[in-house]
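First comes the structure, then the notes that go with it.
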Amino acid sequence: MSKDSSAAAKKTSPFRYGFAMFGTSIPINMFKSFAAIYYVDMLGLEMKKYSLVLLIYTFIDAIDNPVYGFLSDRTRTKWGRRRPWLLIGTPLLVLCFILFYNPPAIVQTESGMLFVYMLLMYILTGTLDSLVNANYGALFPTLFKEDAERAKTNGIRQICQLFAMVISIALTPMITEKIGYRLTSLIYGILALAVMMFCFTGCRENVDAYEEAEKPRLFDSLFALIKNPKFWIFGFAGAFYSAAFALISQALPFYVKYTLKLGGSATTIMLGVVLGVAVLGIVIWSVLVKKLSVMTVWRTGFIIMAVGFIPLFFANSLVSASIIAAAMGFGIGACLITMDCIGAKIVDDDYRRHGIHREGIINSLVGVMNRLNGLYTSLSFFVAAQAFGFENGDNPGPNPALASRILLCVFPFIAMTVATVITFFLKFPEEEQNG
């Protein structure tokens, strides 16, 4: 059998690849979105210590991502470069995620032990998520080569991600009110494990295409990206967007509780509105992107998100806040449908320049840039704690309503405004010719 026919025989289904996003998103969304409300508001960890955890992990994450990508790019096995890492990393990720939301009773009795336990499990869960997503993301530009196929696959992937968000973010407050965080994390973990293992076993790399290919060198790859302005522009735009998105999910439970003075069901309603409209937005934007361009849709989504935070700051009821959130969800849909396609363009551009396959390290370094949002998120929580005396659920300070409003609206608005400005500096050859 020829190499071409061998590659065709091992063609990966866009649905099977895209559906994996449902599995990868469930644990990490609950992990990132409810870590603050669980450890600070429920278990009594000081908010300053929580911000310290985010700060420490951000620096660790900046190291582990490129290492995972580099090792993945240099891996050569009969199962491919990525699948061995995915099949080993997935069960470990799920285990650490479950342990994160199941701290031993002895840990909860003393704040110092609680801080150490959270820090350790946060690092382990986060670094294993980096390992899985570095390899999963690196498969995208290699399994799917054409823009139309990439747009279709990414649409499937992002819709799956949003459905996962509906479960792991929007429904979680209602679910945890009934059965608690411990059991919820166990159920989510088992579901995610089943989905990811099913999907990853069906992702078929063309092993022949890379068997004789030159293995990338770490420092050569780092220097090549350092000198690539497109990487930096895309990376910083993604970092500020990720910071805003992270603050939305983490600050919303505080906003609902202290500003709107409502229960967990209100959080579910607002998040459900955002994510539901985002799913609709993906469908609409996937049509519009054919008439406009990937870059235009990307920038439009950023603008919609940034502007939405202004009226959200002044919203004083669930109805008004949900209407504004719906409009922002439409912008999120535009961002989701385009981000990975632009990342694939970065990979294509690098291969054209250097002729070396290093999808893993590029995807990982983009992930590092996105995860720099931890610095901004950490700063936001620290400022809120310092300025408003917000320590924890037992001592939220004299004005937790304003503190929550600033966390949800002001800091994300600043991040999205900066991100929007940055997007106008990223241009690819076809756009430069049209412009």
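The values are calculated or read from the model by the stated rules, or taken from the named source; none is laboratory data. Here the structure is a predicted model, which means the values were calculated and not measured. Please note: Cβ atoms are built from the backbone with ideal geometry, for glycine as well, and neighbour counts cover all protein chains shown. Keep in mind that these areas ignore ligands, DNA and RNA; they rest on the heavy atoms of the full protein, side chains included. Shrake-Rupley method; radii C 1.70, N 1.55, O 1.52, S 1.80 Å.
Only one of the listed residues (Gly23, Gly80, Gly69) is in contact (Cβ under 8 Å) with a residue 12 or more places away in the chain, in a helix (DSSP H, G or I), over 21 Å from Leu186 (Cβ atoms) and open to solvent by less than 70 Å² (accessible area, probe 1.4 Å). That residue is Gly69.
Of the residues screened, Leu408 is not one that is of a type outside the set (Asp, Glu), outside any helix (DSSP H, G or I) and open to solvent by less than 10 Å² (accessible area, probe 1.4 Å).
Mind telling me which of the residues Ile187, Ile167, Ile175 ends up being under 19 Å from the mean Cα position of the chain (by Cα) and either touching a residue at least 60 places away in the same chain (Cβ under 8 Å) or farther than 26 Å from Val368 by Cβ (or both)? Result: Ile167 is the single residue among Ile187, Ile167, Ile175 that is under 19 Å from the mean Cα position of the chain (by Cα) and either touching a residue at least 60 places away in the same chain (Cβ under 8 Å) or farther than 26 Å from Val368 by Cβ (or both).
When every residue of the range 281-303 is checked against the conditions, none turns out to be within 22 Å of Gln250 (Cβ to Cβ) and either open to solvent by 10 Å² or more (accessible area, probe 1.4 Å) or touching a Lys or Arg at 6+ places or on another chain (Cβ under 8 Å) (or both). Determine, yes or no, whether Phe240 is modelled with pLDDT of 85 or more and surrounded by fewer than 22 Cβ atoms within 10 Å (Cβ to Cβ). When the stated conditions are applied, Phe240 does not pass them. In the range 351-370, is there at least one residue being within 19 Å of Lys257 (Cα to Cα) and either in contact (Cβ under 8 Å) with a residue 12 or more places away in the chain or more than 22 Å from the chain's Cα centre (by Cα) (or both)? No; the residues of the range 351-370 include none that is within 19 Å of Lys257 (Cα to Cα) and either in contact (Cβ under 8 Å) with a residue 12 or more places away in the chain or more than 22 Å from the chain's Cα centre (by Cα) (or both).
Is it true that Tyr117 is among the hydroxyl-bearing types (Ser, Thr, Tyr), surrounded by fewer than 22 Cβ atoms within 10 Å (Cβ to Cβ) and assigned to a helix (DSSP H, G or I)? Against the criterion (among the hydroxyl-bearing types (Ser, Thr, Tyr), surrounded by fewer than 22 Cβ atoms within 10 Å (Cβ to Cβ) and assigned to a helix (DSSP H, G or I)), Tyr117 qualifies. Does Phe381 satisfy the criteria of being open to solvent by less than 20 Å² (accessible area, probe 1.4 Å) and either free of Cβ contacts under 8 Å to residues at least 60 places away in the same chain or not in a helix (DSSP H, G or I) (or both)? No; evaluated as a whole, the condition is false for this residue.
Among the residues of the range 38-49, write down those that are hydroxyl-bearing (Ser, Thr, Tyr) and either more than 23 Å from the chain's Cα centre (by Cα) or surrounded by 24 or more Cβ atoms within 10 Å (Cβ to Cβ) (or both).
Start the filter on the range 38-49 by keeping residues that are hydroxyl-bearing (Ser, Thr, Tyr), which leaves 38-39.
Listed by number, the list holds a single entry, Tyr39.
For the range 129-184, a residue qualifies if it is among the β-branched types (Val, Ile, Thr) and within 30 Å of Val256 (Cβ to Cβ), and the qualifying residues are Ile159, Val166, Ile167, Ile169, Thr172, Ile175, Thr176, Ile179, Thr184.
Kindly indicate whether Thr172 is closer than 29 Å to Val53 by Cβ and open to solvent by less than 10 Å² (accessible area, probe 1.4 Å). Before the answer, list the steps.
Numbers: closer than 29 Å to Val53 by Cβ: yes; open to solvent by less than 10 Å² (accessible area, probe 1.4 Å): yes.
Spelling it out, Thr172 is indeed closer than 29 Å to Val53 by Cβ and open to solvent by less than 10 Å² (accessible area, probe 1.4 Å).
Filtering Ile88, Ile106 for residues that are open to solvent by 10 Å² or more (accessible area, probe 1.4 Å), at pLDDT 85 or above and β-branched (Val, Ile, Thr) leaves a single hit, Ile88.
Going residue by residue through the range 356-366, is there one that turns out to be surrounded by fewer than 20 Cβ atoms within 10 Å (Cβ to Cβ) and not charged (D, E, K, R)? Scanning the range 356-366 turns up at least one residue that is surrounded by fewer than 20 Cβ atoms within 10 Å (Cβ to Cβ) and not charged (D, E, K, R). Within the range 131-169, restricting attention to residues that are small (Gly, Ala, Ser) and over 19 Å from Met30 (Cβ atoms), the residue that is surrounded by the fewest Cβ atoms within 10 Å (Cβ to Cβ) is Ala148.
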